[in-house]
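Structure first, commentary second.
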Amino acid sequence: MPTKTPTTTKAQQREMTRAKLIAIARDIFARDGYAHAATEDIVKVAGVTRGALYHHFTNKDDLFRAVVEDIQAEIAGRIVDESEKAPDSWAELIAGCHAFLAASIDPKLQRILLIDAPAVLGWEAWRKLDAEYGTRLLREILEVLQHQGIINPRSMEALVHLLTGAMNEASLWIAQSSQPQQALAEAQAELETLLTALRVGG
């Protein structure tokens with residue numbers, strides 16, 4: 001008996017269109033920057049109407065926010081992928097931090113996440129998105145290390161914020177460096193030195 005080809009539901013079609021718009025907008029925002037990216041270009045490349053764009057996103061800012069969140073999720077995925085290769089929890093922390101910093105040498109991510117996002121979304125909104133992805137993963141592994149007795153912070157909350165701030169600042173420095181690969185290697189080495197000092201007896 002011949003099998004029926006599964007049909008795509010309207011909900012699936014909407015989600016596919018939304019994902020397509022985000023992917024195309026991401027390329028255009030990275031290429032032109034937020035200020036010069038035109039929604040006309042985005043809908044033209046996507047092959048949809050302006051009405052379709054505004055069905056999924058309130059305005060250009062809303063679309064940009066979705067792009068930033070998509071990038072944050074991608075970086076979080078990279079962190080998880082690298083961490084899962086680590087032989088133990090301590091190596092998982094190092095691998096995850098290295099992966100976070102490594103994302104800052106990607107020019108497409110630099111323009112959107114490090115240059116435009118804080119200005120377009122506002123500092124508080126940018127920090128909130130950062131907290132939902134990278135900061136959450138950092139907190140989780142630090143709590144595992146604390147439970148294992150490998151670290152013993154006086155304040156976990158303070159430690160999470162200090163490390164997050166240090167890595168975000170390092171990412172900006174790497175992105176603005178004339179020699180990003182060298183800056184990345186230096187930042188990863190110095191961060192590892194700082195993290196080693198957290199170890200009990202270290």
Report whether or not Ala30 is surrounded by 13 or more Cβ atoms within 10 Å (Cβ to Cβ) and under 20 Å from Pro118 (Cα atoms). yes
I need the helices (runs of 4 or more DSSP H) fully contained in the stretch 27-107, keeping only those with at least 1 residues that are within 30 Å of Glu140 (Cα to Cα) and of a type in the set (A, V, I, L, M). 60-84, 89-102
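Could you say whether any residue in the stretch 167-183 is within 16 Å of Ser89 (Cα to Cα) and not in a helix (DSSP H, G or I)?
Initial filter on the stretch 167-183 (within 16 Å of Ser89 (Cα to Cα)): none.
No - not one qualifying residue is present in the stretch 167-183.
Only one of Ala102, Ala95, Ala119 is loosely packed, with under 15 Cβ neighbours inside 10 Å and either modelled with pLDDT under 95 or closer than 29 Å to Ala23 by Cα (or both). Can you tell me which? Give the derivation first.
Numbers: Ala102 fails: loosely packed, with under 15 Cβ neighbours inside 10 Å; Ala95 fails: loosely packed, with under 15 Cβ neighbours inside 10 Å.
Selected residue: Ala119, the only one of Ala102, Ala95, Ala119 that is loosely packed, with under 15 Cβ neighbours inside 10 Å and either modelled with pLDDT under 95 or closer than 29 Å to Ala23 by Cα (or both).
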Neighbours by Cβ (under 9 Å, 6+ apart or cross-chain): first from the stretch 129-148, touching a residue at least 24 places away in the same chain (Cβ under 8 Å); second crowded, with 20+ Cβ neighbours inside 10 Å and of a type in the set (D, E, K, R): Ile141/Glu92; Val144/Glu92; Leu145/Glu92
Please identify the pairs in which a residue from the stretch 9-28 that is closer than 24 Å to Asp106 by Cα has its Cβ atom under 6 Å from the Cβ atom of a residue that is of a type in the set (Gly, Ala, Ser), counting only partners at least 6 apart or on another chain. Lys20/Ala46; Leu21/Ala46; Ile22/Ala66; Ile24/Ala46; Ile28/Ala37
Looking at the stretch 39-70, which of its residues are surrounded by fewer than 18 Cβ atoms within 10 Å (Cβ to Cβ), of a type in the set (Val, Ile, Thr) and closer than 25 Å to Glu132 by Cβ? Thr58
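If you go through the stretch 186-197 one residue at a time, how many are in a helix (DSSP H, G or I), within 20 Å of Leu138 (Cα to Cα) and without any contact (Cβ under 8 Å) to a residue 40 or more places away in the chain?
Here is the first cut: in the stretch 186-197, the ones in a helix (DSSP H, G or I) are 186-196.
From what's left, within 20 Å of Leu138 (Cα to Cα): 187-196.
Restricting the remaining residues to those that are without any contact (Cβ under 8 Å) to a residue 40 or more places away in the chain gives 189-190, 193-194, 196.
Residues flagged as in a helix (DSSP H, G or I), within 20 Å of Leu138 (Cα to Cα) and without any contact (Cβ under 8 Å) to a residue 40 or more places away in the chain within the stretch 186-197 amount to 5.
So, in the stretch 79-92, how many residues would count as being free of Cβ contacts under 8 Å to residues at least 40 places away in the same chain and surrounded by 16 or more Cβ atoms within 10 Å (Cβ to Cβ)?
Residues of the stretch 79-92 free of Cβ contacts under 8 Å to residues at least 40 places away in the same chain: 81-82, 84-88, 91.
Applying the additional criterion that residues be surrounded by 16 or more Cβ atoms within 10 Å (Cβ to Cβ) yields 82.
Matching residues across the stretch 79-92 total 1.
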Please tell me if Ala11 is modelled with pLDDT of 95 or more, among the small types (Gly, Ala, Ser) and over 23 Å from Ile174 (Cα atoms). no
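The values are calculated or read from the model by the stated rules, or taken from the named source; none is laboratory data. None of the values given here were measured: they were computed from a predicted structure. Cβ coordinates were reconstructed from backbone atoms using ideal geometry, including for glycine residues, and neighbour counts include every protein chain displayed.
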